[in-house]
1. Using beta carbons and a limit of 7 Å, which pairs, at least six apart or on different chains, have the first residue in the range 16-35 and under 16 Å from residue 86 (Cβ atoms) and the second one open to solvent by less than 30 Å² (accessible area, probe 1.4 Å) and basic (Lys, Arg)?
2. Can you tell me which residues in the range 121-139 are touching a residue at least 12 places away in the same chain (Cβ under 8 Å) and either of a type outside the set (A, V, I, L, M, F, W, C) or under 17 Å from residue 171 (Cα atoms) (or both)?
3. Take the range 125-148 and flag every residue that is open to solvent by 30 Å² or more (accessible area, probe 1.4 Å), under 25 Å from residue 96 (Cα atoms) and of a type in the set (S, T, N, Q).
4. Across the range 53-76, what is the total count of residues that are in contact (Cβ under 8 Å) with a residue 40 or more places away in the chain and open to solvent by less than 40 Å² (accessible area, probe 1.4 Å)?
5. Scan the range 53-70 residue by residue and report those that are touching a strand residue (DSSP E or B) at 6+ places or on another chain (Cβ under 7 Å) and within 18 Å of residue 125 (Cβ to Cβ).
6. Has the range 149-160 got any residue that is part of a helix (DSSP H, G or I), buried (at least 17 other Cβ atoms within 10 Å of the Cβ) and of a type in the set (S, T, N, Q)?
7. Among the residues of the range 2-27, how many are over 17 Å from residue 39 (Cβ atoms), among the aliphatic types (A, V, I, L, M) and loosely packed, with under 11 Cβ neighbours inside 10 Å?
Amino acid sequence: MKLFQRIKDILLTPSATWALIEAEETDTTRIFTGYVMNIALVPAIASFIGMSFFGIGIDGERVRSPLLSGLTNAIVSYLLSLIMIYLLAKMANKMAPTFGGRQDPLMALKLIAYSSTAAMLGGIFSVFPSYAALGFAPTLYSVFLLARGIPVLMKSAPDRTITYTSILLIATMVSGTLI
């Protein structure tokens, strides 16, 4: 799997790409090291640059994070993103039978890792903290990707996809808020 090709494919042709992802021979380590660890760098680095170099305007003054604080924040947010993807994959796997699907830890990791692509890339808006909220639009597209991937990878009942997606979305929001 080529990183940039996979990003392009999942964003532009998700239906065909989910079928390829399902059939793809891979393992957890390759998904994490070849994809998740790379794509999770985008929001971490963007927020570091944004807060440490550009900062935010408060009362007419530009407030920036000190470099060491910004770097620490970037590393912590990066690690928490990796943990969050892992935990959401575990949750997606455990929930599968509830929605007429099958448990498969590798497919659940594929689902969460690849459906989070748009949201992770949306983190690029954090380079300019004033525009960071624009990252919400790509996050909505990640929800669409998740909904398209659930019946393919987790084999859930198609009529239960919206509920399955909604519960995973709520879990993502809660864990994101806690983080």
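The values are calculated or read from the model by the stated rules, or taken from the named source; none is laboratory data. From a predicted model like this one, the values you see are computed outputs, not experimental measurements. Cβ sites come from the backbone with ideal geometry, for glycine too, and all protein chains shown count toward neighbours. Side chains included, ligands, DNA and RNA excluded: accessible areas come from the protein's heavy atoms. Shrake-Rupley method; radii C 1.70, N 1.55, O 1.52, S 1.80 Å.
1. What qualifies is 31/110; 35/6.
2. Of everything in the range 121-139, those that are touching a residue at least 12 places away in the same chain (Cβ under 8 Å) and either of a type outside the set (A, V, I, L, M, F, W, C) or under 17 Å from residue 171 (Cα atoms) (or both) turn out to be 122, 123, 126, 129, 130, 135, 136, 138, 139.
3. Scanning the range 125-148 gives a single hit, 139.
4. Residues meeting the conditions: 1.
5. First, the residues of the range 53-70 that are touching a strand residue (DSSP E or B) at 6+ places or on another chain (Cβ under 7 Å): 55-56, 63.
If the condition is that a residue be touching a strand residue (DSSP E or B) at 6+ places or on another chain (Cβ under 7 Å) and within 18 Å of residue 125 (Cβ to Cβ), then 55, 56 are the ones that fit.
6. No: the range 149-160 contains no residue that is part of a helix (DSSP H, G or I), buried (at least 17 other Cβ atoms within 10 Å of the Cβ) and of a type in the set (S, T, N, Q).
7. Looking only at that region, the number is 1.
Matching residues to (1) out of contact with any helix residue (DSSP H, G or I) (no Cβ under 9 Å at 6 or more places or on another chain); (2) hydrophobic (A, V, I, L, M, F, W, C); (3) modelled with pLDDT under 95:
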{"residue": "114", "(1), (2), (3)": "no, no, no"}
{"residue": "122", "(1), (2), (3)": "no, no, no"}
{"residue": "129", "(1), (2), (3)": "no, no, yes"}
{"residue": "137", "(1), (2), (3)": "no, yes, yes"}
{"residue": "147", "(1), (2), (3)": "no, yes, no"}
{"residue": "150", "(1), (2), (3)": "no, yes, no"}
{"residue": "177", "(1), (2), (3)": "yes, no, yes"}
